[in-house]
Amino acid sequence: MHAPVEKPRLTSLAHGGGCGCKLAPAVLHDLLSEMPKAGPFANLLVGTETADDAAVWDLDGKTSIIATTDFFMPMVDDPETFGRIAATNAISDVYAMGGTPIFALAIVGMPIDKMDPADIRQILAGGAAICAQAGIPVAGGHSIDCPEPVYGLAVIGTCPTNQVKRNSVARPGDRLILTKGIGIGIYSAAIKKGQLSEAAYDEMIASTTQLNRIGSDLGADASVGALTDVTGFGILGHSLEMARGAGATIRLQLDALPLLTEAASLSQAGFVTGASHRNWKSYGDGVKQPADMPEWQRHLLTDPQTSGGLLVSVDAANAETLLARIRQAGYPRASIVGSVEAGAARVEVV
C-alpha cells in the first residue's frame, strides 16, 4: 500500500512572502520615472507622482473614488490565514487614504499542478472572510495558472473629496503616530527556518489580520495631515516617502517605536529578510542614523511589514488625544514615534 503523498508547505512554493516580495524602492522608482503623469486628467487627485498608497479620482468635487491593488506570495503555511493576511493588507491602502472600502476583486495565481484545490478554496475563503469583516463583497476577479502561489485584491473605496489623505502633506511641527508594532518581516524569516515561537506566531497573525479601519475616521479628522501605511519598505522607507513628499525632515525616536514582542531578539539572532537589505541599499543615503547603531537595530527599521500599521502625522496639540482615541479603537501598541521638522527631505533616527 502506498503512503499518502505529503503536501508541500505553502511557503516552500514561493521564493518570498508577504510585502517582502515588493520590488526594492530604488528599482520601483526607476521603473515609474517615465510613467505619464496626470496630464489633462484634472480629476485625478492622486496618481504616481508622490508614491502614495492608492489612486484617487474626484467624481464631482464632493465624492472621490479610491482604487488600489495589492497581492503577494504566502508568508505562512495555512492557506486560509494566507488569504486573510493578503486581503487585510490590500484593503489597508483604502484606509490609508482616509477612505472607506466598498468592494473588492480577487487576484489569483496558483500552481495548479502543485497545490490541492481545497487549499486554493481556503485561500479564497480567508480573503472573503476579511472582506466580510470590512463590510464589502468580493465581487469578481481574475485567476491564472502561475508558477508560484499569488493572492490579493483590487479594492475600490470612496471618500469625501475634502477628506482624502495623502502621504505627502506632513506639516513641520506635526507629531507622528504609528498604530501597529514592527517586526513582521523578522517573524516571517523565523517561520522560514522553523524558529518562531507559537506565541509570536499568534501575535503576528493578530497584527496582520487586523484591519486598519481607523483610517476612515482619521480621514474626517482635520488635525491629521499626512497618512500612509507601513508595508514593504519598512518604517524608514515609508517615513522617507512622507519626508520627500512634504519637503521636510522626519525625526524618528528609536526607543519610542513599538516592536512585536520577539522582534529585537530575533533580529539580533540574524532572522532578517533579503528585503531588509534591499531596502537599506535603496534609500540609506536619505537617512541619518546614530554612528553607533548596531546593524540588528537598523534591520528593525528596514524590516518589511506585511499589513502593517498606519503612520499618521497630526497637529502636536492633538497628538495625545488622537493617540488615546486610536488605542481605544483597538490598537494598543499605537505610539507617538517622532515628529516632522523643517529641514532637508530626509529621515533622522535619534
I'd like to know which of Ile130, Val150, Gly47 lies farthest towards the positive end of the charge dipole of the chain, counting +1 on Cβ of Lys and Arg and -1 on Cβ of Asp and Glu. Gly47
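Would you tally the net charge around Arg244, using a Cβ to Cβ cut-off of less than 13 Å, leaving Arg244 out, and scoring K and R as +1, D and E as -1?
Details: positive: Arg166, Arg346; negative: Glu49, Asp52, Glu241, Asp285.
Around Arg244, the charge tally is -2.
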Would you calculate the convex hull of the Cα atoms in the stretch 52-118 and tell me its volume per residue in Å³? 106 Å³
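By counting other Cβ atoms within 10 Å of each Cβ, how are Asp116, Asp70, Asp303, Asp53 ranked from fewest to most?
On the way: Asp116 11, Asp70 24, Asp303 32, Asp53 28.
Ascending number of Cβ neighbours within 10 Å: Asp116, Asp70, Asp53, Asp303.
How large is the convex hull of the Cα atoms of the stretch 152-203 per residue, expressed in Å³ as a whole number? Don't skip to the end; give the middle numbers.
Working: hull volume 8.8 nm³, N = 52.
Enclosed volume per residue, from the Cα hull, is 168 Å³.
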How big is the Kirkwood radius of the chain, worked out from every pair of different alpha carbons and given in Å to one decimal? 20.3 Å
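For every other residue with a beta carbon closer than 15 angstrom to the beta carbon of Ala125, add +1 if it is Lys or Arg and -1 if Asp or Glu, then tell me the sum.
Values: positive: Arg84, Arg121; negative: Asp78, Glu80, Asp116, Asp119.
Taking every other residue near Ala125 into account, the sum is -2.
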Kirkwood hydrodynamic radius for the stretch 175-349: how many Å is it when counted over pairs of different Cα atoms? 16.2 Å
Return the calculated 222 nm mean residue ellipticity for the chain, to the nearest 500 deg cm²/dmol, obtained by summing -39500 (n - 2.57) across DSSP H runs with n ≥ 4 and dividing by the residue count. -10000 deg cm²/dmol
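Taking only the C-alpha atoms, wrap a convex hull around the stretch 131-262 and report its volume per residue in Å³ as a whole number.
Values: hull volume 21.4 nm³, N = 132.
So the per-residue hull volume is 162 Å³.
For each of Met242, Met73, Met293, count neighbouring Cβ atoms within 10 Å of the residue's Cβ, then give the residues from fewest to most. List each step's numbers first, then the result.
Numbers: Met242 29, Met73 23, Met293 12.
So the residues, fewest neighbours to most, are Met293, Met73, Met242.
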Please report, in debye to the nearest 20, how large the charge dipole of the chain is about its Cα centre when each Lys and Arg carries +1 at its beta carbon and each Asp and Glu carries -1 there. 320 debye
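Expressed as a rounded percentage, what relative contact order does the chain have, with Cα pairs under 8 Å and six or more residues apart?
The value is 24 percent.
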For the chain, what proportion of DSSP beta bridges, expressed in % and rounded to the nearest 5, is antiparallel? 75 percent
Once both label points are put 7 Å beyond Cα along the C-beta direction, the Ser197-Ala220 separation in nm becomes 4.0 nm
Simple spin-label estimate for Asp145 and Trp57 in nanometres, 7 Å along Cα-Cβ: 3.4 nm
If you take every DSSP beta bridge fully contained in the stretch 175-349, what fraction is antiparallel? Give it as a percent rounded to 5. 70 percent
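The numbers here are math on the coordinates, done by the rules we state, and not lab data. From a predicted model like this one, the values you see are computed outputs, not experimental measurements. Every residue, glycine among them, receives a Cβ derived from its backbone with ideal geometry; neighbour counts consider all protein chains shown.
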